[in-house]
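The values are calculated or read from the model by the stated rules, or taken from the named source; none is laboratory data. All figures in this text were calculated on a predicted structure; none of them were measured in a lab. Heads up, the Cβs are rebuilt from the backbone with ideal geometry, glycines too, and the neighbour counts pull from every protein chain shown.
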Amino acid sequence: MFAIRSRNDSQLRRALRNLGGSFGGSDIRRRRRRHYYRMVRWKLTTGAKSKIRRLADLTVAALLLSVLSPLLLVLWAGGVQKELCRGRWAKPFWRYQFSSRAPVLCRSLPMLFNVLRGDMSFVGPRALLREELPASDPAAWKRYDLRPGLLSLSWLRKQANIAYTGEVGIDVEYIETTTLRGDLGIVLRSIPAMLFRGNSAEAQEELKLLGVRIDNPTMHEASQRIVSLAEAGEPGQVCFVNADCFNIAASDTLYRRTLAAADMVLADGIGVRLAASAFGQKIRENINGTDMLPYLCETLQSSGKSIYLLGGKQGVAEDVVAWMRGRVPTLRVAGLQHGYFSSNEEPGVLEAVRMAQPAVLLVAFGAPKQEKWIAAHKRELGPAVAIGVGGLLDFYSGRVARAPLWMRELGLEWMFRFLQEPGRMWRRYFVGNAMFLFRVARERMFGTALALDGRPGSIS
Ligand code: UDP
């Protein structure tokens, strides 16, 4: 014992001697020099980057203004509006726009003058109107660190219905991660978003598509509503529907009835958004289980409620729990069970869920099996809100990769899924999407949605 302590003491003395030796006069001067060079390099690179960005803005704005000058002159006659905004460092400036009589795509063209004058950039956080009060959170003031943009990441995500973290969060994310390459990506991704921008209809609380009722909350509202359903102490069912689900519902009466009886049916994917748009309706946010899980877990954690994971191959649910431990450490996991049990084992599975009394039960068997299973066993599962979540557990366990954000911003998540499993997915996406669009067009023209009993009928 004594020998160990004396060896440790001598090691400590040697370490202290070495440490003192590293901070002699010349060492300190060398360290100071290195620190100074690092600062200079940082200043030069950030300064150069902002100069390159400004030069690019100036060149492109000047080029566009000269090429588009005849069009600008014609539209100018229709009137120009100006709004007082706050730009970089919260400095006020007038932002110019053509009046609402000009075509939508051309309305923002006068902002090219704002770019030329240095009030705005092509890409940046959204320009805030002068009367918009800055959020009380100082992190939000970062939005004034850069020139506001003609295009912004938050606008792009809003167009794709995936602006879940809110505008301030996305603007701050942009400012913290901005690069010239990233800006170019935003410009390119904004082109299809501008051409196929959603309609300006007021979003309804509920809408009906191809005979299926869809609830239309935001992501935040949907997760709050699930917790409220759980608090009601009654069995509940929540379903997500994408284009493929609508195709299944067209020939599967039981599935259609299940959707009609569910407590909440949420729209998932660009197909449903386009279909809603064809009927002059608007989906507030693209709500799929995979994007919702972090929000739902946070809401459950803060209200002290528990979750049960049922489905996926052996070991998958365990890996999702490991993800939860990192993200929502105090969320109570009531239990987990893989999804490949036999019919003999089913009563045991139902009993285990009932005994665990989770507030929320995620069922991942794929659609429509999971929805029908929940509907059939709702009463035996106890007062849980059961949600059919398809391949969600595979994503969070890391078994299946999720499409990168830029693909989701372009509404191309389905393409990513197809490239991952072309053998299984080609039918669903290429034949299925064509069928779905055909059904939408047919209903749009002739109103031929199937009624709940399977006969064609009006949807109104
Ligand atoms: N699955 C299951 N039990 C079954 C059939 C499927 O647990 O009897 C799981 C499967 O392992 C996968 C999920 O259900 O994790 C289905 O994923 P898929 O992507 O096919 O569902 P979708 O999102 O397309 O409805």
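Of all residues in region 405-428, those that are more than 18 Å from I287 (Cα to Cα) and in contact (Cβ under 8 Å) with a residue 24 or more places away in the chain total 1. Note on region 287-301: among residues that are more than 19 Å from Q357 (Cβ to Cβ) and not β-branched (V, I, T), the one that is surrounded by the fewest Cβ atoms within 10 Å (Cβ to Cβ) is E298.
Out of curiosity, is I307 over 28 Å from A201 (Cβ atoms), away from the ligand (no atom under 15 Å from the Cβ) and either in a loop (DSSP other than H, G, I, E, B) or of a type outside the set (F, W, Y) (or both)? Considered against the rule, which asks whether it is over 28 Å from A201 (Cβ atoms), away from the ligand (no atom under 15 Å from the Cβ) and either in a loop (DSSP other than H, G, I, E, B) or of a type outside the set (F, W, Y) (or both), I307 comes out as yes. Restricting attention to region 370-393, the residues that are free of Cβ contacts under 8 Å to residues at least 60 places away in the same chain and more than 28 Å from the chain's Cα centre (by Cα) add up to 4.
Give the residues of region 54-110 that are hydrophobic (A, V, I, L, M, F, W, C) and at positive phi, sorted by residue number. Step through it out loud before you land on a result.
Within region 54-110, the subset hydrophobic (A, V, I, L, M, F, W, C) is 55-56, 58, 60-65, 67-68, 71-77, 80, 84-85, 89-90, 93-94, 98, 102, 104-106, 109.
Result: W89, A90.
Of the strands (runs of 3 or more DSSP E) that lie entirely inside region 202-278, those containing 3 or more residues that are touching a Phe, Trp or Tyr at 6+ places or on another chain (Cβ under 9 Å) span 206-209, 264-267. Within region 335-366, being outside any loop (DSSP other than H, G, I, E, B), surrounded by fewer than 16 Cβ atoms within 10 Å (Cβ to Cβ) and within 14 Å of the ligand (Cβ to nearest atom) holds for one residue alone: E346.
Just to check your reading of the model, which residue among A243, A160 is within 16 Å of the ligand (Cβ to nearest atom), within 19 Å of the chain's Cα centre (by Cα), touching a residue at least 40 places away in the same chain (Cβ under 8 Å) and farther than 27 Å from P358 by Cβ?
Working: A160 fails: within 16 Å of the ligand (Cβ to nearest atom).
Sole residue among the options that is within 16 Å of the ligand (Cβ to nearest atom), within 19 Å of the chain's Cα centre (by Cα), touching a residue at least 40 places away in the same chain (Cβ under 8 Å) and farther than 27 Å from P358 by Cβ: A243.
Taken as a whole, region 292-299 holds no residue that is in contact (Cβ under 8 Å) with a residue 12 or more places away in the chain and touching an Asp or Glu at 6+ places or on another chain (Cβ under 9 Å).
When you look at R41, is it of a type in the set (D, E, K, R) and assigned to a helix (DSSP H, G or I), yes or no? So R41 fits the description; yes. Among the residues making up region 383-397, those that are away from the ligand (no atom under 11 Å from the Cβ), buried (at least 20 other Cβ atoms within 10 Å of the Cβ) and not β-branched (V, I, T) are A384, A386.
Could you grab me the full set of residues in region 398-419 that are outside any helix (DSSP H, G or I), hydrophobic (A, V, I, L, M, F, W, C) and within 12 Å of the ligand (Cβ to nearest atom)? Steps first, please.
Our first condition is that a residue be outside any helix (DSSP H, G or I); within region 398-419, this holds for 398-404, 410-412.
Applying the additional criterion that residues be hydrophobic (A, V, I, L, M, F, W, C) yields 400-401, 403, 410, 412.
Selection gives V400 alone.
Give the residues of region 313-334 that are outside any loop (DSSP other than H, G, I, E, B), within 16 Å of the ligand (Cβ to nearest atom) and surrounded by fewer than 19 Cβ atoms within 10 Å (Cβ to Cβ), sorted by residue number. Scanning region 313-334 gives E318, D319, V321, W323. Assess whether T290 counts as being within 13 Å of the ligand (Cβ to nearest atom), in a helix (DSSP H, G or I) and polar (S, T, N, Q). For T290, the condition - within 13 Å of the ligand (Cβ to nearest atom), in a helix (DSSP H, G or I) and polar (S, T, N, Q) - is met. Among the residues of region 420-434, the one identified as near the ligand (Cβ under 9 Å from one of its atoms) and farther than 17 Å from N242 by Cα is E421. Would a scan of region 14-28 turn up a residue that is farther than 21 Å from D145 by Cα, aromatic (F, W, Y) and either touching a His at 6+ places or on another chain (Cβ under 8 Å) or without any contact (Cβ under 8 Å) to a residue 40 or more places away in the chain (or both)? So far as region 14-28 goes, yes, one or more of its residues are farther than 21 Å from D145 by Cα, aromatic (F, W, Y) and either touching a His at 6+ places or on another chain (Cβ under 8 Å) or without any contact (Cβ under 8 Å) to a residue 40 or more places away in the chain (or both).
Determine if region 423-430 includes at least one residue that is hydroxyl-bearing (S, T, Y), at pLDDT 95 or above and either closer than 17 Å to T290 by Cα or assigned to a helix (DSSP H, G or I) (or both).
No - not one qualifying residue is present in region 423-430.
In the set K305, K282, only one residue is farther than 19 Å from M355 by Cβ, in contact (Cβ under 8 Å) with a residue 40 or more places away in the chain and of a type in the set (K, R); that residue is K282. For region 119-146, a residue qualifies if it is out of contact with any Phe, Trp or Tyr (no Cβ under 9 Å at 6 or more places or on another chain) and under 13 Å from L58 (Cα atoms), and the qualifying residues are S121, F122.
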